[in-house]
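To start, the structure itself, in structure tokens.
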Amino acid sequence: MTSVPGDAVPIAIPTEVFDLPVHEMRRGYRSDVYFWRAKRTLERVGHREIATVQVFQKQQAVLCGVEESLAILLLGVGHYRDSARAFDWFDELIELKKRIRSLYRGDPVKLREALEQRRWVEGALDQEWVSHAQDLKVYTLRDGDSVAPMETSLLIEGPIGEFIHLETLYLGVLARRTRIATNVSGVTKAANGKPVFFFPARFDHWAVQGGDGYAASIGGAESVSTDAQGEWWGMKGAGTIPHGLIAAFDGDTVAATQHFADTFPDTPLVALVDFENDCVKTSLEVARALKERLWAVRLDTSERLVDVSVAAALGADAPTGVNRQLVENVRKALDDEGFDYVRIVVTGGFDAGKIARFEAAGVPTDAYGVGSALLGGQFDFTADIVKLNGRPMAKVGRTFQPNERLVMRKLSS
């Protein structure tokens with residue numbers, strides 16, 4: 001660590017962006033309970049020793065979640081002036097949240113009173129909180145940095161009793177965001193510069209979309225499928241036509257595409273062409289009808305089906321799903337009728353391996369949409385005390401690992 005205080009780098013993203021449950025973080029409500037109990041123990045005995053906490057993980061990865069972790073530290077480091085009183089207020093806050101959920105269809109007067117009381121309790125808890133963020137020295141790598149196995153990614157120095165309860169939170173953030181960023185980076189590299197669209201929203205809980213979309217941007221994704229996935233980095237959701245819209249127009253892909261184009265004339269028009277399992281036929285029909293308005297066709301053939309054109313060419317040995325033969329058939333058909341400007345987007349079962357095989361074989365795709373594959377894998381972070389008051393103090397097998405790449409961070413918004 002070569003940084004000096006004057007070189008400290010501030011948090012790159014305003015803390016408000018992360019929409020953190022501040023009071024729940026401070027109270028240990030979302031922490032493994034043993035960390036919260038450890039904090040209470042240290043507070044009871046007046047423990048003020050300075051600990052150095054080292055954070056790392058065990059794989060080659062693209063780091064992400066650092067800025068969010070800094071926001072957690074900035075807002076969550078400290079203690080309550082009067083713990084008993086603060087705990088009572090927090091319990092009341094949780095009860096008020098439950099009451100608000102039960103009243104939203106009930107008495108509007110009681111609902112308004114509960115909301116006002118909630119705001120008052122939250123203000124009282126803020127007044128009771130004593131921040132010690134200024135007592136921490138934090139050194140980090142940056143979101144988007146490539147990290148080696150066991151490489152120190154964060155180093156936190158300060159009174160351990162003021163931040164031990166936050167370990168669950170920042171480790172979880174780092175694990176999730178790094179997993180997404182690393183997976184997206186893998187597919188973008190495999191795609192050889194072709195756009196990769198981040199489409200896993202339907203495979204996970206809605207609440208993770210904001211952070212996942214940010215991590216996808218760090219990994220190199222060019223587009224996301226929901227507005228929420230783009231809210232942290234100023235991107236709007238993009239996408240094509242769903243099968244449901246085609247079904248709503250009685251299975252008429254051309255009609256669905258035309259109505260979509262008329263409704264969203266400024267949106268790059270991508271037609272979904274596998275509804276009848278005949279991508280060549282449907283691509284040509286849409287291209288003839290939409291002409292220059294058509295930006296691309298999307299092939300999304302089920303991995304349980306063989307497209308009509310592929311079955312005709314390869315017979316019993318025909319592969320299922322979106323494959324090289326299918327893409328080449330569509331490309332040739334479009335080119336033969338003068339629609340060489342229409343791009344081909346492929347989706348359905350793609351991961352870094354399948355993309356790499358397509359690229360190695362020269363399959364004429366223009367973009368890849370990837371879904372559930374971007375959520376796989378495991379990037380578990382670990383935090384250990386490695387020094388106490390500047391002297392070595394760590395469990396066997398875990399020692400201080402200096403990292404000259406770390407920069408000092410300033411805990412302020």
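Every number here is computed from the coordinates shown, using simple stated rules; none is lab data. Predicted, not measured: the structure shown is a model, and the values here were computed from it. In this analysis, Cβ positions are derived from the backbone assuming ideal geometry, glycine residues included, and neighbour counts consider all displayed protein chains.
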What does the C-alpha gyration tensor say about the overall shape of the stretch 103-253? Classify as rounded when a/c is under 1.5, otherwise prolate if a/b is larger than b/c, or oblate. oblate
Tell me, what is the percent relative contact order of the chain, built from C-alpha pairs under 8 Å that lie six or more residues apart? 25 percent
Over every pair of different alpha-carbon atoms in the stretch 260-353, take the mean of 1/r and invert it; report that Kirkwood radius in Å. 13.5 Å
Hey, what do the phi angles of the stretch 65-80 turn into as Karplus ³J(HN,Hα) couplings, whole Hz, using 6.51/-1.76/1.60 and θ = phi - 60°, x for Gly and Pro? x, 5, 5, 5, 5, 5, 5, 4, 5, 4, 8, x, 7, x, 7, 8
Rg/Rh for the stretch 180-375, where both radii come from Cα atoms and Rh is the Kirkwood radius: 0.96
Fewest to most Cβ atoms within 10 Å: S153, S31, S302 sort as S302, S31, S153
Exposure proxy check: D88, D384 ranked by fewest other beta carbons within 10 Å? D88, D384
Rel. contact order, % - alpha carbon contacts under 8 angstrom, at least six apart, the stretch 61-185: 50 percent
How many nm is it between the label spots at D19 and V109, if each spot is 7 Å from the Cα in line with the beta carbon? 3.3 nm
Once phi is turned into θ = phi - 60°, what whole-Hz ³J(HN,Hα) does the Karplus curve with 6.51, -1.76 and 1.60 give for every residue of the stretch 240-247, x standing for Gly and Pro? 10, 8, x, 4, x, 5, 5, 4
Multiplying the sequence separation of D135 and H205 by 0.36 nm and subtracting their Cα-Cα distance, what value in nm do you get? 21.6 nm
Considering amide H positions built from the backbone, and no H for Pro or chain starts, which residues 5 or more places from L272, or on another chain, come under 5 Å of its amide H? I241, R298
Restricting to aspartates and glutamates and to Cα separations under 12 Å from K410, and discarding same-chain partners fewer than 8 apart, the set is D7, E67, D135
Would you work out if the stretch 268-413 is rounded, prolate or oblate? Take a ≥ b ≥ c from the square roots of the eigenvalues of the alpha-carbon gyration tensor; rounded if a/c is under 1.5, else prolate when a/b is larger than b/c, oblate otherwise. prolate
Using only Cα atoms, find the angle between the long axis of helix 279-290 and the longest principal axis of the chain, and express it within 0 to 90 degrees, rounded to the nearest 10. 90 degrees
If the chain between H47 and V396 were fully stretched, how many nm would it gain, using 0.36 nm times the residue separation less the Cα-Cα distance? 123.3 nm
Quickly rank 329-338, 138-147 as a protection proxy: mean count of other C-beta atoms within 10 Å, highest first. 138-147, 329-338
Exposure proxy check on E49, E162: fewest-to-most Cβ neighbours within 10 Å is E49, E162
Find the relative contact order for the stretch 180-375 and round it to a whole percent, using C-alpha pairs within less than 8 Å whose residues are 6+ positions apart. 24 percent
For an R0 of 41 angstrom, estimate the FRET efficiency from the Cβ-Cβ distance between A312 and T263 and round to the nearest 0.05. 0.70
Label assignment, semi-axes √(5λ) of the Cα gyration tensor in Å derived from the structure, set (i) 31, 27, 20; (ii) 49, 28, 16; (iii) 43, 27, 17: (ii)
Non-local residues with an amide H under 5 Å from the amide H of A367, with H modelled 1.01 Å from N and Pro and chain starts lacking one, are I344, V346
Taking the dipole of the chain about the Cα centre (Lys, Arg +1; Asp, Glu -1; charges at Cβ), the one of S146, T320, V45 that reaches farthest to the positive side is V45
Relative to the longest principal Cα axis of the chain, at what angle does helix 324-336 sit, 0 to 90 degrees, rounded to 10? 60 degrees
With n ≥ 4 as the cut-off for DSSP H runs, can you work out [θ] at 222 nm for the chain, using -39500 (n - 2.57) per run divided by the number of residues, rounded to the nearest 500? -12500 deg cm²/dmol
Treating cross-link reach as a plain straight distance, find the aspartates and glutamates whose alpha-carbon is under 15 Å from the alpha-carbon of K194, omitting any fewer than eight places away in the same chain. E222, D351, E359, D366
Between Q60 and R405, how many nm apart are label points set 7 Å from Cα along the C-beta direction? 1.2 nm
Distance cut-off 21 Å, Cα to Cα: go down the list K98/K236; K39/K137; K137/K387 and report the pairs above it. K98/K236
Just tell me which aspartates and glutamates come within less than 13 Å, Cα to Cα, of K332; anything on the same chain fewer than 8 places away is out. D340
Amide H neighbours of V224 under 5 Å, at least 5 residues apart or on other chains, H built in the peptide plane: list them. F198, A238
Report the full-extension gain for the segment Y341 to Y34: residue separation times 0.36 nm, less the Cα-Cα distance, to one decimal in nm. 104.5 nm
Shape verdict for the stretch 49-185, please, from the Cα gyration tensor: rounded (a/c under 1.5), prolate (a/b greater than b/c) or oblate. oblate
Quick one: angle between helix 83-103 and the longest Cα principal axis of the chain, in degrees between 0 and 90, rounded to 10, please. 30 degrees
